[in-house]
Amino acid sequence: MILEQILFKMQELTTKILDVIGSNQLLIIPLAILSNFFINVQWYFYIIFIVIVIDIITALLAAKKINVKIESNKFFNSIVKIGYYYAIMDVLFLVDYFVIKDSFILINFASGIILINELISIDENICKLIGRNTALTKVFKLVEKLYYEFVERFLKNKI
């Protein structure tokens with residue numbers, strides 16, 4: 001008797017799941033085709049998403065430590081930032097794929113810049129958490145100094 005009830009409930013659940021899957025098929029098939037198109041650069045999207053989530057978590061922890069009120073519009077801005085980053089990466093991937101023909105130069109460059117930007121943000125949040133600069137902060141400052149010296153020398157030679 002109990003076994004029959006369990007089997008009947010399992011059959012009902014299976015039917016409901018299959019009904020939902022069947023009704024969502026119009027959405028799932030285009031998404032599968034689209035995700036297959038982006039398979040060459042899917043790791044860029046995953047890595048950028050993970051780094052943004054880490055940035056959000058460290059920002060929340062830093063805000064809690066220095067007693068800053070956490071506002072929902074700032075969190076919403078992070079979601080908008082993800083949308084902007086992904087839109088930029090999508091457009092550059094399409095240009096790479098259809099115009100430059102499988103080079104992935106633009107999306108590599110854009111992903112690198114986005115990643116560096118997010119790493120700097122994470123580093124700033126960690127500095128707020130621990131109350132001092134990290135080794136990564138020192139590396140970023142050194143690279144920034146070297147960059148500005150290079151640009152200054154380059155401009156002196158051109159003028």
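FYI, it's all coordinate maths here, none of it is from the lab. A quick note: this is a predicted structure, and the numbers were derived from the prediction, not measured.
Each residue of the range 77-93 is assigned a 3J(HN,Hα), and the resulting list reads 4, 5, 5, 5, 4, 4, x, 4, 4, 5, 5, 4, 5, 4, 4, 5, 5 Hz, derived from the Karplus form 6.51 cos²θ - 1.76 cosθ + 1.60 (θ = phi - 60°), x at Gly and Pro. For the range 48-56, the Karplus equation 6.51 cos²θ - 1.76 cosθ + 1.60, evaluated at θ = phi - 60°, returns couplings of 4, 4, 4, 5, 5, 4, 4, 4, 4 Hz by residue, with Gly and Pro reported as x. Couplings 3J(HN,Hα) for the range 126-134, derived from phi with the Karplus relation 6.51 cos²θ - 1.76 cosθ + 1.60 (θ = phi - 60°), are 5, 4, 5, 5, 8, x, 7, 6, 9 Hz, where x marks Gly and Pro. Dividing the Cα radius of gyration of the range 88-159 by 2.2 N^0.38 Å, with N the residue count, gives 1.53. Three principal axis extents describe the C-alpha atoms of the range 40-158; from largest down they are 50, 39, 21 Å.
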